Amino acid sequence: MSAPRLEIDLGRLQHNAITLVKRLARQGISISGVSKAVLGLPEIVRIWLAAGVSSIGDSRLETIEAMVGAGITAPLLLIRTPMLSQVERVVTHATTSCNSEPVVIRALAAAALRQGRRHGVLLMVELGDLREGILPPDLEAIAELTLGLPSLQLMGIGSNLGCQHGVAADADNMAELSALANALEARFGISLELISGGNSANLAWLEQSGAPGRINHLRLGEALLLGREPLGRTAIPGLHTDAFKLVGELIEVKTKPTRPWGRQGLTSFSNENSRQPPLRADRGLRQRGLLALGIQDVDPAGLEPPPGVSIVGASSDHLVLEADHPLTVGEELGFSPNYGALLRAMTSPFVQRRCIDGEAKTPRGAAAATAQASRPGRTARGDHKLNDPKRAEVIRINHGFI
Ligand SMILES: *Cc1c(COP(=O)(O)O)cnc(C)c1O
């Protein structure tokens, strides 16, 4: 089987989706499954929809168009404010888009009018993380503008926290979003369908508060895919944290000194502050393995190696490893990707995808989820159907739009 490849356990993803949909429904909250880290992979999106997510969100118009092309008919939410240059395509393919700029809102309205469509608008509000969003004092005017454009439908308001400065959703900022929703409804005599509190970083708040106020929608990526909440990277009880494994193949195994020799300069990947790669303590002769997987495939800093293996370096095409046990040329090793590493691996044209219809073993709460995450390299031979070729389906490199 060819490497590098991302092994995707659809059974575990299905379990995560069913669990989160049920859990949040108890608090009156629906979910948009955010597919950007998996480039809208139709196999995953279909599982999410069957599990009951109400729509699919993605930040890239190209991915939304690819999902439409793959026959996904669910409502599609563009979660990044549209580029002015793309409004025509946004209106054609996305049901609703997140917005914060009046000029874009007017352009969307004009495009929708030309196409004889009605486009949904979710107004994003800045609540302190300082990425996208309308400052609260300006919200009423932009809502009024949107309401005055008949080819647009004001679907609601939303916020995004945690992504820029790691600002957490808390009782204060979520109460502010609820209050803004109430104020808009009272001012214009309308009822907003979506009060979209945020992303996976909101789950901790939701669990602690137990009182979501007006929040009735979250946009979730990391929690569904990796079973973790982003602010502390903690495993969410009852979810699988190991649905993805990035597999690479060893191409060289030799015993070499720990320290390089010769005069040192910068490397291609040195940053300006580090004059040269830091030298490690001299541990004498050590077994080193070279894996055919590099920065062109993944963010190496976001990989957790299998037990007994450590990553000592990475360049465009190689991961340099040391291991406590003997390695063999041709051997495959599996790594657990974090969100950034997953996003990069999915985006690399060199990384194949292999979807596995694994059996979704029910994780036994937080402890079990953490224990599983700490043994990422253990191939699940025998404990699920990872290695059963009859059940595996190799998905070709990417899917058409790269
Ligand atoms: C990426 C993103 C999300 C999903 O974030 P997760 O942390 O993966 O849940 C939600 N909303 C917006 C606007 C995003 O950009």
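The values are calculated or read from the model by the stated rules, or taken from the named source; none is laboratory data. Every value quoted in this text rests on a predicted model; they were computed, and no experiment measured them. Because the Cβ atoms are built from the backbone with ideal geometry, glycine has one as well, and the counts that use them run over all protein chains shown. Calculation scope for accessible area: heavy atoms of the full protein, side chains included, ligands and nucleic acids excluded. Shrake-Rupley method; radii C 1.70, N 1.55, O 1.52, S 1.80 Å.
Remarks
- Gyration tensor (alpha-carbon) shape descriptor, the stretch 18-139, a/c threshold 1.5: oblate
- Gain in span if fully extended, R114 to Q264, counting 0.36 nm per residue against the direct Cα distance: 47.8 nm
- Shape category assigned to the stretch 248-329 from the gyration tensor of Cα positions, a/c cut at 1.5: oblate
- In the elastic network of the chain, a GNM with C-alpha springs shorter than 10 Å, the most mobile of D129, D58, D172 is D172.
- Considering only I190, I142, I215, the mean-square fluctuation computed in a Gaussian network model of the chain, springs between alpha carbons under 10 angstrom, is largest for I190.
- Under 5 Å, built H, 5+ apart or other chain: amide partners of Q153: H119, G120, V121
- Relative contact order (%) - the stretch 10-231, alpha-carbon pairs under 8 angstrom, separation at least six: 18 percent
- Here the mean projected area of the convex hull built on the C-alpha positions of the chain is 21.6 nm².
- Assuming charge only on the beta carbon of Lys and Arg (+1) and of Asp and Glu (-1), the dipole of the chain about its Cα centre is about 940 debye to the nearest 20.
- Of all the options W48, W205, W261, the one that moves most in a Gaussian network model of the chain with Cα springs shorter than 10 angstrom is W261.
- For the stretch 10-231, the spherically averaged projection of the C-alpha convex hull amounts to 11.1 nm².
- Loop GluC sites (Glu not before Pro), the stretch 269-342, which have at most 12 other Cβ atoms in a 10 Å radius of their Cβ (DSSP): E272
- Toward the positive end of the charge dipole of the stretch 10-231, with +1 on the Cβ of Lys and Arg and -1 on the Cβ of Asp and Glu, the farthest Cα among V34, I72, A201 is that of I72.
- Normalised by the number of residues in the chain, the mean separation of alpha-carbon contacts (under 8 Å, six or more apart) gives a relative contact order of 18 percent.
- Förster radius 45 Å - calculated FRET efficiency between K256 and S85 (Cβ-Cβ, nearest 0.05): 0.30
- Summarising the label geometry, the points placed 7 Å from Cα in the beta-carbon direction at R26 and A141 lie 4.4 nm from one another.
- Here the Kirkwood formula, the inverse mean of 1/r across different C-alpha pairs, assigns the stretch 105-174 a hydrodynamic radius of 13.1 Å.
- Most positive-pole-ward Cα, S336, G232, V247, against dipole of the chain from beta carbon charges: V247
- Kirkwood radius for the stretch 5-45, taken over all pairs of different Cα atoms as the inverse mean of 1/r, rounds to 11.4 Å.
- The P(r) of the stretch 222-361 has a tail past 18 Å containing 62 percent of all C-alpha pairs.
- Taking the centroid of alpha carbons for each part, the stretch 81-95 and the stretch 104-142 are 12 Å apart.
- The stretch 181-254 versus the stretch 54-69: alpha-carbon centroid distance in Å: 18 Å
- Overall form of the stretch 87-137 per C-alpha gyration tensor (a/c, 1.5; a/b vs b/c): prolate
- Exposed-loop-free span, longest in the chain, where trypsin sites (Lys or Arg not before Pro) count as exposed if DSSP calls them loop and at most 11 other C-beta atoms lie within 10 Å: 27-262
- Accessible surface, the chain, averaged per residue in Å² (probe 1.4 Å): 45 Å²
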